[in-house]
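Every read-out reported here was derived from the displayed coordinates using simple, explicitly stated rules and does not represent laboratory data. On a predicted model such as this, the values are computed, not experimentally measured, just so you know. In this analysis, Cβ positions are derived from the backbone assuming ideal geometry, glycine residues included, and neighbour counts consider all displayed protein chains.
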Amino acid sequence: MPSPALATDPSHAALLADARLWRATSLGASASPCIASGFGALDAQLPGGGWPTRMLSEILQAQAGLCEWRLLGPALGRLLLQQAPQQPQPTRRKPATPVPAARPPLLLVNPPQQPHLPGLRAHGITPQQLVWVAPANALQALWATEQAIKANAAGAVLAWLPEARPAQIRRLQAAALGSAAPVFLFRPLAVQTQSSAAPLRLILNPGADWSLELLILKRRGPAHAQALRLEALPAELAALLAPRQLRPATVIAPKVPAVPKELSHEPKPAPSAVLARPAARAASLQ
Amino acid sequence: MALLEEEEEESQAVLLELGASLRLFGGLRALHRRVLQEGPAYGVQGLAWAPTSLGALALARAGIVDGLTQDLTPLLDSLPLHSLSAVAAHEPMLARLGCQRLGQLRALPRGPTARRFGAALLQALDQAYGQAPEAHAWVVAPEQFQARLELPYRIENAPALSHYIEQLLRQLCAWLAARHAGIKRLTLAWQHDAMRAREAGSGGQLSLGTADTTRDFGHLARLLREHLAQLTLQAPVGELQLRADEVLALQEHSASLLPDSPEQAREPLNQLLERMAVRLGPERVRRARLREDHRPECMQDWLAWGQVLPAASVRPALQPQPSWLLEPPLALKTRRDHQPLHQGQPLQLLAGPQRIEGGWWGGRAVDPQVQRDYFLARGASSGQSGLLWIYQERLSTAEQRWFLHGVFA
């Protein structure tokens with residue numbers, strides 16, 4: 001806590017306004033531009049107020065391919081709408097061919113499933129923008145990711161790296177320092193206990209109802225213990241659902257068909273158990 | 001601009017008239033240093049400066065570099081007769097007359113010399129000493145580029161070739177620069193050594209294409225290195241050839257006065273994807289084309305890198321579409337009461353059915369005929385499950401009728 005004497009002293013106030021000075025209780029500011037995530041609750045918790053550029057953002061998931069686009073869709077849609085930085089064109093002459101409005105490309109490295117472009121259209125991603133790189137093995141995936149980051153040619157890079165080791169992530173982070181595009185790495189939940197060079201680490205899970213459950217494992221600034229609940233129902237699905245289904249799960253839960261007892265006791269990961277651990281650790285650190 | 005001239009005789013030499021371009025290259029000393037540094041890569045073995053072209057050539061043959069700061073006449077006088085090509089032709093006869101040096105030849109009376117040896121001899125002598133004007137033809141780059149290089153030793157390992165290929169590539173880039181052109185396709189061929197195994201064949205070749213017209217040496221060298229890394233040579237290689245196949249005019253951009261902004265791509269996307277396609281295989285770098293179809297698996301075609309992406313305007317689908325598509329669809333187990341299960345969890349159907357039928361018009365292999373009812377589903381137990389796009393085969397008697405086809409991720 002800042003002492004009152006410190007805050008009132010004018011010389012200290014000037015010192016505190018200096019961007020280079022960072023206090024552990026305040027959220028880290030970001031020197032690089034950030035991209036609004038489209039979720040106000042998340043933006044408030046991310047240093048710089050959005051997804052960072054010039055660094056890696058690591059998203060850990062229990063199962064890949066469940067809710068990536070619901071989380072990143074709003075940010076990517078806005079980011080990829082912008083005009084790509086063009087090669088300098090000679091101004092006096094008209095270009096020989098009319099250059100179509102170039103939008104920055106989106107690079108997917110090693111996605112868990114086949115991207116379905118008609119569905120991604122809803123997020124504002126056009127077919128011309130998307131490039132799907134499908135490496136044959138983990139080493140190729142790392143190489144392709146590193147080259148994509150280094151080239152700095154894409155509007156955003158999304159890479160699924162289930163087998164990457166901490167040293168390899170460190171190398172990617174070093175490359176990402178020069179990349180103007182946000183880089184998202186999707187990794188399995190099992191690596192949450194490993195150290196990682198990525199300055200932003202999140203755990204993403206589909207939550208109850210239509211929400212996403214997001215836990216900030218690491219960020220620049222104080223630890224954040226509670227899980228965030230982001231309402232992320234794709235707009236076109238909302239039109240499809242009955243109003244009854246849009247209400248909280250507790251209301252419709254009894255209407256679920258009765259589940260036979262032997263099946264309902266199948267072992268399945270308890271959501272709270274998974275999420276409790278890092279939160280407890282963060283609490284013990286404070 | 002430097003005027004390029006070439007001596008096409010027994011000893012190859014390039015003459016450059018630089019009087020008007022010294023400022024461009026930052027002065028004589030800077031240019032001299034640069035030629036010394038970069039020359040060896042292009043095969044330059046000797047260098048000489050002189051006020052006249054034939055004089056410079058004669059000095060270069062004698063191994064004297066500087067003919068500018070000293071008086072040229074005494075320098076040339078001391079050179080042997082074979083330093084000038086026109087004189088070298090008459091060297092045996094002149095030697096019998098007692099002439100060993102150019103100075104001695106110049107001392108002979110001009111009239112009898114011209115009658116005996118022809119006017120060309122005296123003409124060349126006068127030009128070398130700067131007493132007669134010189135006229136040269138411009139060098140015109142050949143229409144076709146084809147260069148060969150004999151390796152100094154036999155190379156068995158493909159990546160080791162890259163150093164020599166870069167020499168050829170430099171020549172290619174210089175040729176392209178002279179023609180203000182770029183390249184889209186080139187061929188690298190190699191000849192195997194004569195002492196090869198019989199089944200190895202006489203050589204091989206590699207064709208290389210780029211997406212954009214380019215004469216960027218760095219990009220071409222990187223591409224070739226990627227190709228070489230995947231190449232296994234059948235036998236040691238003794239000779240290399242490089243040929244330009246598709247040469248196109250290149251629209252050049254002026255460089256910026258200010259340094260590049262960090263936002264600018266360090267490597268254009270096409271070059272990046274090209275390199276990826278070479279290393280991973282073109283079918284692993286994919287771009288999609290949309291098709292107007294109502295069956296989810298027929299809505300898009302994935303094309304390997306290098307295939308032309310036609311511009312197509314496709315109307316958006318009427319129904320919500322998932323963002324991931326499982327190909328092929330994943331068969332779901334069912335409970336006894338026919339409720340589908342996913343990862344051991346019963347699925348709750350949220351919306352549907354959306355009936356999708358059709359495909360009778362195509363062959364079975366290309367266009368699957370489908371009769372399906374699509375549902376939006378998710379795990380029945382509280383949360384922790386994605387939004388799934390599942391379907392039930394209609395009119396099917398098979399055991400497994402439920403399939404997972406997509407995820408609203």
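Residues considered: B:Glu91, B:Glu274, B:Glu239. Largest GNM mean-square fluctuation over chain B, using C-alpha springs under 10 Å, is found at B:Glu91. Binning the C-alpha pair distances of the stretch B:146-249 at 5 Å intervals from 0 yields a P(r) profile of 2, 13, 25, 24, 17, 10, 6, 2, 0 %, listed from the shortest bin outward.
Across B:Gly111, B:Gly43, B:Gly203, mean-square fluctuation computed from a Gaussian network of chain B (C-alpha pairs under 10 Å connected) peaks at B:Gly111. The relative contact order of chain B, computed from alpha carbon pairs under 8 Å that lie at least 6 residues apart in sequence, is 9 percent. Label-to-label distance for B:Arg101 and A:Gln82 is 7.4 nm, based on points extended 7 Å past Cα in the beta-carbon direction.
If exposed chymotrypsin sites (Phe, Trp or Tyr not before Pro) are those in a DSSP loop with at most 13 other Cβ within 10 Å, what is the longest stretch of chain B that has none? Answer from the scan: B:139-359. Using only the C-alpha atoms, the convex hull of the stretch B:324-408 corresponds to 103 Å³ per residue. Normalising the average separation of contacting C-alpha pairs (under 8 angstrom, six or more residues apart) by the number of residues puts the relative contact order of the stretch B:3-129 at 18 percent. Measuring r between the beta carbons of B:Arg335 and B:Glu357 and using R0 = 22 Å, the FRET efficiency lands at 0.25. Note on chain B: with a GNM built from Cα contacts shorter than 10 Å, the maximum mean-square fluctuation among B:Gly209, B:Gly238, B:Gly67 falls on B:Gly67. Computed from label points 7 Å out along Cα-Cβ, the spacing between B:Val139 and B:Ala189 is 2.5 nm. Quick note on chain B: its Rg to Rh ratio, both from C-alpha atoms and Rh being the Kirkwood radius, is 1.25.
What are the semi-axes of the equivalent ellipsoid for the stretch B:3-129, taken as the square roots of 5 times the Cα gyration tensor eigenvalues, largest first, in whole Å? If you can, show how the numbers build up before the last one.
On the way: eigenvalues 176, 41, 33 Å².
Whole-Å semi-axes of the equivalent ellipsoid: 30, 14, 13.
Under the simplified labelling scheme, the B:Arg116-B:Ser202 pair shows an inter-label distance of 5.2 nm, with each label point 7 Å from Cα along Cα→Cβ.
The calculated FRET efficiency for the pair B:His32 and B:Gln12, based on their C-beta separation and a Förster distance of 25 Å, comes to about 0.75.
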